[in-house]
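J.: My questions will all concern the structure given below.
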Amino acid sequence: MDKLFTPFKAGDTTLRNRVVMAPMTRSRATVGDTADELTAKYYQQRASAGLIITEGAQISVQGQGYLFTPGIYNEKQVKGWELTTKAVHDAGGKIYIQLWHVGRISHHSLQIDGQSPVSSVAVKANNSTCYARNDAGQPGPVPVSEPRALSVAEIKDIVHDYVRAAKNAMRAGFDGVEIHAANGYLLEQFINGGLNTRQDEYGGADPENRLRFVLEVTDAVSQAIGAGKTGIRLAPFGRLFDMHAFDGEEETWLLLANKLNQRSLSYVHLSDQQTLGEQAIPAGFIEKFRAAYDGSLIIAGGFDKQRAEEYLQQGKADLIGFGRPYIANPDLAERLANDWPLNEVNWATMYGGDEKGYTDYPFWSDTQQNLA
Ligand SMILES: Cc1cc2nc3c(=O)[nH]c(=O)nc-3n(C[C@H](O)[C@H](O)[C@H](O)COP(=O)(O)O)c2cc1C
């Protein structure tokens, strides 16, 4: 029997299968950066996944790097997300929200009073765009702005922003939260030894210092809502948004694996960036990570049913994240279980817009009725 379709308990949450919908930004939150009925419909359609992880949701205004992404820092946003959690739960699904702070991958026009975005150090990401209003006021891709380095007091404030967001998420009815520490955003901007040359206890050559911020966030969120409701996403050897190789890179990630292993989290989620156009996680690393971390593990990036099953059978992962296939296939779990063909993604409607290319992808059953 396929292991992919067997139940699994991740922290406090029992999942009906091991198919995870990976977090994907869709940029359709228009008014007040709030999830709405359309968001609820989109996620409800995908509720047959064992676990849905929402698109990144900014934990503060400062944490936003793209127009039209939904936040989780104010009451209106909590009310908006309630529609989604209810819709998914009514359909028998489970849903975590991804807590996001983009750090330097932002533009001053998105920041309060047009301030600079923030990061570990005042170094701009080369060849990197975010999504904001250009000088003519039109939304579109713009080069990221030069950031300023956070003070220690500000780092502590951001830990509080994560806690507020996590508590908001629980009030909105989520089953848990995923801390976004992957893909070149704020927390990875502290982990990466090539970038984070701070001289204080949050940076520099010692990996303990570079891991301090992400672990403080993890501990504070776990304490606020429970470790069994707290997951974290990492991108070991990630290169997105001008992240570079650094001395002791593997040791840094394995040290983090060891530290997370002591924390009884709901799960750790590894993002392999190969299908996002960057290098893959090096061969053999996942086995090393697994040896250092024996809790629940999700891996995402470039999976089809066969590769997913291989990873599960070989014990490389407990759960498999599917990203792009979920955009065009609301019933992906059933399609994989029954070996039904997949719909093709329309890349033109990936970000922004309305229900087109969002909630109008057909279920397999609809296709069959049309054929009959
Ligand atoms: C449109 C799009 C939006 C994405 N947004 C996010 C996001 O908000 N947070 C995140 O951690 N990863 C994000 N990702 C990465 C996916 O979660 C996933 O890791 C990636 O697509 C690789 O998996 P796949 O090969 O199954 O698509 C995004 C990917 C795509 C294609």
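The values are calculated or read from the model by the stated rules, or taken from the named source; none is laboratory data. Note that the structure is predicted; figures quoted are calculated from it, not measured. Note: ideal-geometry Cβ built from the backbone for every residue, glycine included; neighbour counts use all protein chains shown. Areas reflect the complete protein model, heavy atoms only, side chains present, ligands, DNA and RNA absent. Shrake-Rupley method; radii C 1.70, N 1.55, O 1.52, S 1.80 Å.
J.: Take the chain, connect every pair of alpha-carbon atoms lying under 10 Å apart with a spring to form a Gaussian network, then pick out the residue of Trp253, Trp100, Trp340 with the largest mean-square fluctuation.
T.: Looking only at Trp253, Trp100, Trp340, the largest GNM fluctuation is found for Trp340.
J.: Residues of segment 67-189: accessible area per residue at 1.4 Å, in Å²?
T.: With all protein chains present, segment 67-189 gives 37 Å² per residue.
J.: If you take the alpha carbon radius of gyration of segment 249-372 and divide it by 2.2 N^0.38 Å, what ratio comes out, to two decimals?
T.: Ratio of Cα Rg to 2.2 N^0.38 Å: 1.28.
J.: Using only the Cα atoms of the chain, construct the convex hull and provide its projected area averaged over every direction, in square nanometres to one decimal.
T.: Its average projected convex-hull area is 17.4 nm².
J.: Which part of segment 121-161 falls in the paramagnetic zone of Ile112, meaning amide N under 19 Å from the point 7 Å along Cα-to-beta-carbon?
T.: In segment 121-161, the label zone of Ile112 (backbone N under 19 Å from the point 7 Å along Cα→Cβ) covers 147-161.
J.: First compute the accessible area of the chain with a 1.4 Å probe, then give the percent of it belonging to carbon and sulfur atoms.
T.: 50 percent
J.: Under 13 Å Cα-Cα from Lys124, which aspartates and glutamates qualify once same-chain neighbours fewer than 8 residues away are excluded?
T.: Result set, ordered by chain and number: Glu146, Asp242.
J.: Can you give the calculated 222 nm mean residue ellipticity of the chain, where each DSSP H run of n ≥ 4 adds -39,500 (n - 2.57) and the sum is split over every residue, rounded to the nearest 500 deg cm²/dmol?
T.: Only helices count here, giving -9500 deg cm²/dmol.
J.: Roughly what % of DSSP beta bridges within the chain run antiparallel, to the nearest 5?
T.: Of all bridge pairs located within the chain, approximately 20 percent are antiparallel.
J.: Tally the DSSP beta bridges in segment 1-153 and give the antiparallel ones as a percent, rounded to 5.
T.: If we restrict to bridges inside segment 1-153, about 40 percent are antiparallel.
J.: Moving to a separate point now. Over segment 1-153, consider all pairs of different Cα atoms and compute the Kirkwood hydrodynamic radius from their mean reciprocal separation; express it in Å, one decimal.
T.: 16.8 Å
J.: I've got another one for you. Considering only Tyr43, Tyr73, Tyr351, give the residue with the highest GNM mean-square fluctuation for the chain, with springs between Cα atoms whenever their separation is below 10 Å.
T.: Looking only at Tyr43, Tyr73, Tyr351, the largest GNM fluctuation is found for Tyr351.
J.: Size of the dipole of segment 272-346 about the Cα centre, Lys and Arg at +1 and Asp and Glu at -1 on the beta carbon, nothing else charged, in debye to 20?
T.: The dipole magnitude comes to about 160 debye.
J.: Give, rounded to the nearest 20 debye, the magnitude of the charge dipole that the chain has about its Cα centre when Lys and Arg contribute +1 at Cβ and Asp and Glu contribute -1 at Cβ.
T.: That gives a dipole near 440 debye.
J.: Also, quick follow-up: Past 20 Å, Cα to Cα, is the threshold; run Lys86/Lys167; Lys94/Lys259; Lys86/Lys356 against it and keep the listed order.
T.: Pairs exceeding 20 Å: Lys94/Lys259; Lys86/Lys356.
J.: Next question, about the same structure. For the chain, which DSSP H helices look membrane-span-like by this rule: Cα extent along the axis of 15 Å or more and mean Kyte-Doolittle of at least 0.5?
T.: Answer set is 212-225.
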